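Everything below concerns the one structure shown next.
Bear in mind that the values in this text are calculations on the coordinates, not laboratory data. Since the model is a prediction, treat every value here as computed from it, not as a measurement. In this analysis, Cβ positions are derived from the backbone assuming ideal geometry, glycine residues included, and neighbour counts consider all displayed protein chains.
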Amino acid sequence: MPHKAFAWFILPSALAMLLFIALPLVSIVIQSLYVEHPQVLEQVESCSPFGGCTMETRVDAQATAALREAEPLGRFNGLGTYLNRSHLATGEIAEILRSSDGFADSLRQIYQLPFYRALLFTLCYTFLVTPLGMLMGFWIALAVNRIPAMLKGPVIFVSLLPMIITPLIGSLVIYWMVNSRGILGSLLQWVTQDPTLSIAASGPLTWAMLFLYGIWIAAPFSFVVFYAGLQTVPQDTLESAMIDGANRWERVRFVIIPHLVPLATFVSLVQLMDNFRVLEPIIGFNAQARATSLSFSIYNDLQAENGQLFASAAATSLLTILFVIVLLFPVLIRTWRDFSRKGAH
Amino acid sequence: MSSTPSRPNHTLTIIATLFVLVWLVVAGFPFLWTTWGSFKVEADFFSRADWTNALSGVNTIRQTGGAFTLDGYEGAWIQNEFWRAGLNTAMVTVVVTLLSLVLGTLGGYALARSGYRYAFWILIIALVFRAMPHITLVSGYLVPFFELNIWGTLPTAIIVLVAINQPFTLWMLHSFFLSIPKDLDESAMVDGCTRFQAFREVIVPVMWPGIITTGLFSFLLAYNDFAVTAMLLRQENQTMIPKIASFLGSIESEGNVMFAVSSVVSATVPLFLLVMFFQRQIVGGLTAGAVKG
C-alpha cells in the first residue's frame, strides 16, 4: 500500500492514540515534576477581652485559591516527588539500611513504605496469578476435552462468566460471600471453629483471597485458548507416541504441551499485562488496609478528598509505566528478532 | 506398557467429569447465589445465625410478607436513580463500540496491507499502549481536562475510551484482515475501484464476522471499564460501574447494602445475555487472537 493511502487510513486511529495516550504521557511527565502549592499562610493578631493579644497563623483561603488558579500545575519541584517518602523514598531507605539490625529487619521496614508495599503486592499478584491461572485453565481444558460432547457447550458458557464479568462486580460478588456474615465466611468460621475469624482482618488471608479471586477470573481465558489448541493437536503424532509406548502423562508432556507452548506465550503476555494493572479487586474487597497495588495508589491519590495529589499520582504512574516496559521487554526483543529475520529473506 | 491406550479409560473420564463439575460450581455458583439473594432482605442475604435463612427467607417473610422482595431493586433503580446510570452506560458502550470499529477497521486494514517497516512499529507501539494500566493515563487526563473545561461529560469519556480501545482493536482487526487474501482488493482496484472503494465494497462485506467479534470485545472493554469512567464523569453522568462503586461508600453505611447487591445483579444481566447469544464469536475471537497474534 502506498504511503499516502496508508496515512489516510491510519490517520483517525493514530490521531486518537496520539491525543489520548501519547499526549497524556507527556502530561504525566510534566505533572510529576511539579508539586501542589502549599496553603498560603498569614499572621493574624487575635485579641480577646481578657486574654490579651496573640499572633495566630491562619490559612488564607482566598490567596491559596488565587495562587492555585494562576498556576494549576503548582511549583517546580524537580525530582523531589520521585524521591519523597511516598515514592522511591531514597532518604528513608538509606536511613533504614544504616540503622537496621539485619537483612530481614530492613526488608520489614522497607515494606512499611507505601510505594514498596504497593510494588510488592503488584509483583506477587502478577507473578502468582498469571502462572496459576494458566495452570488451572490448562487442567480445565484437559478435563473438558474428555467429557461427553453434549455437555461441552453449557460448560463453556458457565466458564466464560468469571472472565466476562466486570472486575468490580466480580469482586463484589465474591466479597459478599466471603464477608464474615456471608455464606463462605460463615463456612470458614464453622470449619475452623473460630467465630471471630474474618478474612478482611488478616493480612495473609486477604492476600490469599485476592490471589484466588485473580485465578478465578484469569483461568477461563487460558481455558478457552488451550481448549481450542487441544482440538488441533496432531492425531497422528499422538498415535505414534502411543505405539512407541508413551503413557498418558508422557503424551501430555511430550506431545500436547509442546503443541500448546506458542499459545501459552500469547496467554501469558495478555495475562501479565492485565494482572499488573490490578485495581478493582482491592476496591471491591475493600482491602486497601492490607493490600495496595500500584494502580490503587494512583487511584487513591486522584481520589483524595481534600485536594487531588496530581504530582504524586503522576510520579507513581511514570514508575508504573517503567515497570510495564521492563515487563514487556523480552516480548519486544523477540518480536523484533522475528521481524528482522522475516525482513532478511 | 500396562494398559492398552486405545481403550477409553473410564476412571479418567469420571475424574475429569467430577473436576469439571467442581469448576462449574466455582464459576457459576457465586452468580446464582447473589442473584437469589438480591430478592431477599439484608438480614437473610447476610445471615450470620443460619445460612439456610437465605434459602427460606425467614426475615424477608417477616419484614415484607413474601419470600421474595423487590425492595433492593426499587431502592436502587428508582430511589437512587440507577436507571440514569443504565442509560448513560447504554449510550457510552454503543457509541464507543461503533467509533472503535470505524477507526479500527480503517487502521487495521492499512496495517495489514502495508509491507513497510513503520506499520510494524505502529503495532509495537500499540502493544506498549495496550499494556499501560488505564489509571496511569487517567492521571494524565485530569489536569488538562480541568483546564479545557471538558471534564465530567459523556463525550469526553467516550472519546477517551475509544482511544484506549484502539491498540487492542487495531491488533485484532489487523490479524483478521491478514486472513483475507490480498488478491481480493487488488483485483477490485484493477477493475477500476479506488483504494477506499475496494475497502468499502469488497473487503468490509467479507469482514463482517471479524468486525462483529471485535465489536463484542470493544463493547466489553467499554462496559467493564472502571478507571476511566469513575474518574472522568461527574456524578449525574456516571455509568453503572462507578455508580455501584459510589453506592459502596454512601449506602453501605446506611444499612442499604441490598441496593448495591441488586444493582450488581442488574449490571450482570447484559453480560449474561451477551455470552448466551455470542458465545461462539467470543470463543472464536479469543482463539483467533491466540493463533494469529
- What relative contact order, as a whole-number percentage, does chain B give when Cα pairs under 8 Å and 6 or more residues apart are counted? 25 percent
- Work out the count of Lys pairs in the protein assembly as shown where the Cα-Cα distance is under 29 Å, with the pair 8 or more places apart or on different chains. 8
- Message: Just to confirm my numbers, what's the Cα centroid distance between the stretch B:177-249 and the stretch B:62-109 in Å?
- Response: 19 Å
- Note on the structure: Across the alpha-carbon set of the protein assembly as shown, Rg over Rh with Rh taken as the Kirkwood radius works out to 1.00
- Name the cysteines of the protein assembly as shown that stand alone by the Cβ rule: no other cysteine Cβ under 4.7 angstrom. A:C124, B:C193
- Task: Within the stretch B:10-35, which residues have the backbone N less than 15 Å from the label spot 7 Å out from B:Q79 along Cα→beta-carbon, could you tell me?
- Result: none
- Item | q = 0.17, 0.25 Å⁻¹, the stretch B:10-69: log10 I(q)/I(0) [Debye, one scatterer per Cα] | -0.61, -0.91
- Message: Quick check of the Kirkwood formula: for chain A, what is the inverse mean of 1/r over all pairs of different Cα atoms, in Å?
- Response: 25.0 Å
